[in-house]
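Here is the structure we will look at, set down as structure tokens.
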Amino acid sequence: MTRGFEVAKGFEDKEINLPVRKTKKSAGYDFEAAEDVTVKAGEKVPTLIPTGIKAYMQDDEVLYLYNRSSNPKKKGLVLANSVGVIDADYYGNPDNDGNIMFAYYNVKDEDITIKKGEVIGQGVFAKFLITDDDNAEGERTGGFGSTSK
């Protein structure tokens, strides 16, 4: 297995669609919301929207999560972290099996409800480089936001 997507544990019976590219020259795979989620206006804490999807990839690869280009203007949704970073060792982690989530703020004055199956963002796989003196030996022990714990 080189890279791809699977349905995360706990979402097997929820009719989750695997991410797809819409055109042959698209870089990004479109991710859908796994359930209805309301992103409240003016919240100081971002709202996590689960996808029910996990991604497997090579050790020197990353999956970047990006907002849909139409989300800020049409819905007022901006990614809390600008770009999400899904590391290879997020796949299958013990906390959430690698369920990918998009963290959004709503900058509009009214709440926005995302419906199950609605495209919420896109993911792009990429290679990354490490320095000559890299000696990272830590291992992931958790899910979302666990790297610095």
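Data table
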item: Filter result (crowded, with 18+ Cβ neighbours inside 10 Å and within 29 Å of Asp109 (Cα to Cα)) within the range 47-59; result: Thr47, Ile49, Pro50, Thr51, Gly52
item: Any hit, the range 65-72, residues being surrounded by 13 or more Cβ atoms within 10 Å (Cβ to Cβ), among the small types (Gly, Ala, Ser) and either out of contact with any Ser or Thr (no Cβ under 6 Å at 6 or more places or on another chain) or touching a residue at least 12 places away in the same chain (Cβ under 8 Å) (or both); result: no
item: Selection status of Val62, surrounded by 17 or more Cβ atoms within 10 Å (Cβ to Cβ) and in a strand (DSSP E or B); result: yes
item: Residues being within 15 Å of Thr51 (Cα to Cα) and over 11 Å from the mean Cα position of the chain (by Cα) - total across the range 91-103; result: 4
item: In the range 43-59, residue modelled with the lowest pLDDT [restricted to those that are assigned to a loop (DSSP other than H, G, I, E, B) and under 23 Å from Gly138 (Cα atoms)]; result: Asp59
item: From the options Glu35, Glu12, Glu6, residue that is in a loop (DSSP other than H, G, I, E, B) and touching a strand residue (DSSP E or B) at 6+ places or on another chain (Cβ under 7 Å); result: Glu35
item: The range 73-87: number of residues that are surrounded by 18 or more Cβ atoms within 10 Å (Cβ to Cβ), within 13 Å of the chain's Cα centre (by Cα) and either not small (Gly, Ala, Ser) or not in a strand (DSSP E or B) (or both); result: 2
item: Residue in the range 16-32 that is nearest to Leu77 (Cα to Cα), counting only those that are of a type outside the set (Asp, Glu) and crowded, with 20+ Cβ neighbours inside 10 Å; result: Phe31
item: Which numbered condition Asp97 fails, given (1) touching a Lys or Arg at 6+ places or on another chain (Cβ under 6 Å); (2) part of a strand (DSSP E or B); result: (2)
item: Within the range 71-122, tally of residues that are within 19 Å of Val20 (Cα to Cα) and among the aromatic types (Phe, Trp, Tyr); result: 2
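The values are calculated or read from the model by the stated rules, or taken from the named source; none is laboratory data. All of these numbers come straight from a predicted model, not from anything done at the bench. Neighbour counts are summed over all protein chains in view; Cβ atoms, including those assigned to glycine, are modelled from backbone coordinates with ideal geometry.
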